[in-house]
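K.L.:
Here's a structure for you.
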Amino acid sequence: MKKTNNYLKKAAVACIAAVMTVSTAFPVYAEEASSQDEVQVYDYEDKYLWYVPTESFTWDSYGCLADHHSQMGGTAADGTEFDFDALVNSPLGESIISTSKNFILYSDEYGAQEYEYWESLGIRKEMHDFDDKDHKWATFTPMEAYEEENADKTYPVLFVFHGGNNPIYAAETYGYAQLAAKEGFICVMPWAQNGGSGDEEEGTTLDAEVDRIMEILREEYPIDESRIYAAGYSLGGRSTVREAVKHPNMFASITVGGHNLGGIRQGETYSFAEEEWDALNETPILQLDGEHEMRIKLPYGYDVTGEDSPNALNRWFEINGIDREVTLEECQEIVNTTDDYAQKMLGLEADEIYTQYYDGTAFYTADFYNEDGVNMIKIINVDGMIHWMTQSMAQASWNFMSQYARDTETGELIVLNQDNEPQLTPQEIDYHKKGSFIQEYTMEAKKGEEITITIKASEDVSGYVLAMEDGTELPITSQTEEGEDGYCYWTLSTSVNQAGKAMLHLTPVTEEGEPSALVLPVLVQ
């Protein structure tokens, strides 16, 4: 039996002929063109990975990233329906894929390819207690920390808490760990149960894990205890609030993603005792959500948790010395009457409201300052984004949190800087003019049966080399057709005579050398 990538077949530029026009099978991500022939499709080389079946979704029956992420989107507060194809065909979609590539291709989170991926980013991944599924955890440490000349250097620590049902392997795709080398911190991902049922007993599982892991970090890693941070998404966002309250002098700053700031979900009654809240010192906090979360988180006034959301924000105003209070009704009125679109997306009055731009996407932002002019609360609603993270969202989170430290003896907050400059001008979309863009390929075939790959390629590509993962080259036949859009359309054919999962490495040949290979998993029976 031969099985092709049906998602790609449905979405691809399907016409491979001598006379061609640009297909709009992918939704257009471009300004209005003067004619249909000038419409630009936003392509990127790894777009095909959205539709490649992966075994990494061990916690549910999702077949590929598109299956999973298409269910992470919902209707926005203004009634706008979520357009999954538009997300895939955008810089935001490319950003999601950039941090998901290893997760999609390599199902073994302990495998050699997985560790090699992190080493290519200058990061050493280590799994701890991996024989205990309830207590395993992972660290991502800059490789420079192991160099002799850095023996006396210490590094901040960022705890990242995973979402509901997500294994920590999925949390690697949030984008935080990928920043470890660039930003110089140690990323820690605990498994634990994350307080999944909402009761305190299960929540203390993670409380105990954080304490246990901190003891190990103190003994075995060069950590800077004045700069411990926490971030999480979805249920992990809830856990971030809980752990900040349970460890009031530990975290210098936190990010709550895909969740409200109260540490409770819709319908939950669990809350913290007043003395627990009162013990929490000043803690700068970022709320980071997507416009198309599967359940509305922003703007305020339209959160599915109703009054709980503004009440939680008021609590954080108190904690952080901000003389302000909001009500559900006031937030709803702002959304319904304001002429400021960014404010409409946030539902708040703030000291500053503005729009940042990353990945070709608007990040609607509200800042709140204390009486000393320190930005203690930041709230961001990401235009068009689903209930997940991107690299740029993780970067925005780190930019905020890394401004703060904490005195390890007194617990007092220390402001390191307030120098981060937001990107306030929309970036010009970089349409990828060079590259190899997979349109369709055979995902399942019998031994010796033909495997075909169709590719839209820029004119600088003169050929392709196809090899197994061990470097063994495969014979290929190729046909090309030149399209009127300036691209060449290739059809490659090969076969594999060994049963099993074959990871085909497709390497373009150009005058400038051989770019990185595209990896195509094929199940050979």
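The values are calculated or read from the model by the stated rules, or taken from the named source; none is laboratory data. Just so it is clear, the structure is predicted and the values come from calculations on it, not from any experiment. Cβ atoms come from the backbone with ideal geometry, glycine included; neighbour counts cover every protein chain shown.
K.L.:
Across the stretch 281-290, what is the total count of residues that are closer than 16 Å to N311 by Cβ and outside any strand (DSSP E or B)? Steps first, answer last, please.
P.N.:
Start the filter on the stretch 281-290 by keeping residues that are closer than 16 Å to N311 by Cβ, which leaves 285, 287.
Subset that is outside any strand (DSSP E or B): none.
Residues flagged as closer than 16 Å to N311 by Cβ and outside any strand (DSSP E or B) within the stretch 281-290 amount to 0.
K.L.:
Can I ask one more? Is it the case that T283 is within 21 Å of Y233 (Cα to Cα), in contact (Cβ under 8 Å) with a residue 40 or more places away in the chain and crowded, with 17+ Cβ neighbours inside 10 Å?
P.N.:
Numbers: within 21 Å of Y233 (Cα to Cα): yes; in contact (Cβ under 8 Å) with a residue 40 or more places away in the chain: yes; crowded, with 17+ Cβ neighbours inside 10 Å: yes.
Yes.
K.L.:
Go through the stretch 452-504 and count every residue that is farther than 30 Å from Y431 by Cβ and of a type outside the set (S, T, N, Q).
P.N.:
The qualifying residues number 12.
K.L.:
Against the condition surrounded by 21 or more Cβ atoms within 10 Å (Cβ to Cβ), outside the structural domain of S495 (by TED's automatic domain parsing), over 23 Å from L179 (Cα atoms) and small (G, A, S), how does A445 come out, does it pass?
P.N.:
On the way: surrounded by 21 or more Cβ atoms within 10 Å (Cβ to Cβ): yes; outside the structural domain of S495 (by TED's automatic domain parsing): no; over 23 Å from L179 (Cα atoms): yes; small (G, A, S): yes.
The answer is no for A445.
K.L.:
Does the stretch 447-457 include one or more residues that are without any contact (Cβ under 8 Å) to a residue 60 or more places away in the chain and part of a loop (DSSP other than H, G, I, E, B)?
P.N.:
Looking for residues that are without any contact (Cβ under 8 Å) to a residue 60 or more places away in the chain and part of a loop (DSSP other than H, G, I, E, B), one finds at least one in the stretch 447-457, hence yes.
K.L.:
I've got another one for you. For the stretch 346-358, which residues satisfy the criterion of being touching an Asp or Glu at 6+ places or on another chain (Cβ under 7 Å) and either farther than 16 Å from D383 by Cα or in a helix (DSSP H, G or I) (or both)? Talk me through it step by step, then tell me what you get.
P.N.:
Taking the stretch 346-358 first, the residues touching an Asp or Glu at 6+ places or on another chain (Cβ under 7 Å) are 350-353.
Hits for the stretch 346-358 are A350, D351, E352.
Quick grid of which residues meet (1) touching a helix residue (DSSP H, G or I) at 6+ places or on another chain (Cβ under 7 Å); (2) assigned by TED's automatic domain parsing to the domain that holds A181; (3) over 22 Å from E469 (Cβ atoms):
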site: L49; (1), (2), (3): yes, no, no
site: S61; (1), (2), (3): no, no, yes
site: T80; (1), (2), (3): no, no, yes
site: D132; (1), (2), (3): no, yes, yes
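K.L.:
OK, next. Please indicate, with yes or no, whether at least one residue in the stretch 355-362 is among the aromatic types (F, W, Y), touching a residue at least 12 places away in the same chain (Cβ under 8 Å) and within 29 Å of N281 (Cβ to Cβ).
P.N.:
Within the stretch 355-362 (the criterion being among the aromatic types (F, W, Y), touching a residue at least 12 places away in the same chain (Cβ under 8 Å) and within 29 Å of N281 (Cβ to Cβ)), the answer is no, since none of the residues qualifies.
K.L.:
Identify, by number, the condition in (1) crowded, with 18+ Cβ neighbours inside 10 Å; (2) β-branched (V, I, T); (3) within 30 Å of A66 (Cβ to Cβ) that V326 doesn't meet.
P.N.:
Just one mismatch for V326, condition (3).
K.L.:
Of all residues in the stretch 203-242, count the ones that are touching a Gly at 6+ places or on another chain (Cβ under 6 Å) and small (G, A, S).
P.N.:
Looking only at that region, the number is 5.
K.L.:
Something else now. Residues in the stretch 463-471: is at least one part of a strand (DSSP E or B), in contact with a Leu (Cβ under 8 Å, 6 or more places away or on another chain) and farther than 18 Å from A445 by Cα? I'd like the intermediate steps shown before the answer.
P.N.:
Step one: list which residues in the stretch 463-471 are part of a strand (DSSP E or B), which gives 463-467.
Narrowing further to those that are in contact with a Leu (Cβ under 8 Å, 6 or more places away or on another chain): 464-467.
Add one more test, that the residue is farther than 18 Å from A445 by Cα, and what stays is 464-465.
Yes.
K.L.:
Output the qualifying pairs, or none if there are none: Cβ atoms under 7 angstrom, residues six or more apart or on different chains, first residue in the stretch 150-163 and among the polar types (S, T, N, Q), second residue assigned to a loop (DSSP other than H, G, I, E, B) and surrounded by fewer than 22 Cβ atoms within 10 Å (Cβ to Cβ).
P.N.:
T154/P222
K.L.:
Follow-up question, since we're still on this one. Just one of T480, T472 is free of Cβ contacts under 8 Å to residues at least 12 places away in the same chain and in contact with a Phe, Trp or Tyr (Cβ under 8 Å, 6 or more places away or on another chain); which is it?
P.N.:
Values: T472 fails: in contact with a Phe, Trp or Tyr (Cβ under 8 Å, 6 or more places away or on another chain).
Checking each option against the conditions leaves just T480.
K.L.:
Same structure, new question: Given the conditions (1) touching a residue at least 12 places away in the same chain (Cβ under 8 Å); (2) over 30 Å from A362 (Cβ atoms); (3) outside any loop (DSSP other than H, G, I, E, B), and given that D134 satisfies all but one, which numbered condition is not satisfied?
P.N.:
Condition (3) is where D134 drops out.
K.L.:
Scan the stretch 46-64 and report the pairs whose first residue is farther than 16 Å from I453 by Cβ and whose second residue is in a helix (DSSP H, G or I), with Cβ atoms within less than 6 Å and a gap of 6+ or a chain change.
P.N.:
As it stands, the answer is W50/L65; W50/A66; W50/V88; T54/I104; S56/F103; Y62/H68; C64/Y51, since those pairs meet every condition given.
K.L.:
Still on this structure, I have one more. Suppose we filter A177, A181 for residues that are under 27 Å from D407 (Cα atoms), modelled with pLDDT of 95 or more and in contact with a Leu (Cβ under 7 Å, 6 or more places away or on another chain); which single one remains? Don't jump to the end; show me each part of the working.
P.N.:
Working: A177 fails: in contact with a Leu (Cβ under 7 Å, 6 or more places away or on another chain).
Just a single option satisfies the conditions, and that option is A181.
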